[in-house]
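The values are calculated or read from the model by the stated rules, or taken from the named source; none is laboratory data. On a predicted model such as this, the values are computed, not experimentally measured, just so you know. Positions of Cβ are backbone-derived with ideal geometry, glycine not excepted, and every protein chain shown enters the neighbour counts.
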């Protein structure tokens, strides 16, 4: 099985740089949405609150997966991060336009998270 971990460990846990990066970026978007300071008007309203809560749950799943050495929670967190970023990309495409740097960056996180999830799951699912 292929995964996104480096060949060494930290405190007995796999080092997963992608999961760390997406957990940090997702935490930032959760904070921005829940604080009402996200890009665009839609992410500052109810849609942003929903995305913000989903982002908090996603970050919790990624960190729970790492802290408890749970592949199941790590996989869920990666998949959910793709969903959170897809929601952000969609909302931003509607609000500020599809050819906007923030929309395009959110779409890139969707591709990266989806790819990491597929790599982590391996061919047998």
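Within segment 72-89, the presence of at least one residue that is surrounded by fewer than 21 Cβ atoms within 10 Å (Cβ to Cβ) and either more than 18 Å from residue 54 (Cβ to Cβ) or in contact with a strand residue (DSSP E or B) (Cβ under 7 Å, 6 or more places away or on another chain) (or both) is confirmed. Being surrounded by fewer than 19 Cβ atoms within 10 Å (Cβ to Cβ) and assigned to a helix (DSSP H, G or I) is a property that residue 103 lacks.
Residues considered: 105, 24, 43, 67. Of these, the only one that is out of contact with any helix residue (DSSP H, G or I) (no Cβ under 8 Å at 6 or more places or on another chain) and at pLDDT below 95 is 67.
In this structure, is residue 115 in a helix (DSSP H, G or I) and without any contact (Cβ under 8 Å) to a residue 12 or more places away in the chain? Lay out the reasoning, then the answer.
Working: in a helix (DSSP H, G or I): yes; without any contact (Cβ under 8 Å) to a residue 12 or more places away in the chain: yes.
It is true that residue 115 is in a helix (DSSP H, G or I) and without any contact (Cβ under 8 Å) to a residue 12 or more places away in the chain.
With respect to the conditions (1) buried (at least 22 other Cβ atoms within 10 Å of the Cβ); (2) within 23 Å of residue 8 (Cβ to Cβ), residue 43 lacks only one, and its number is (2).
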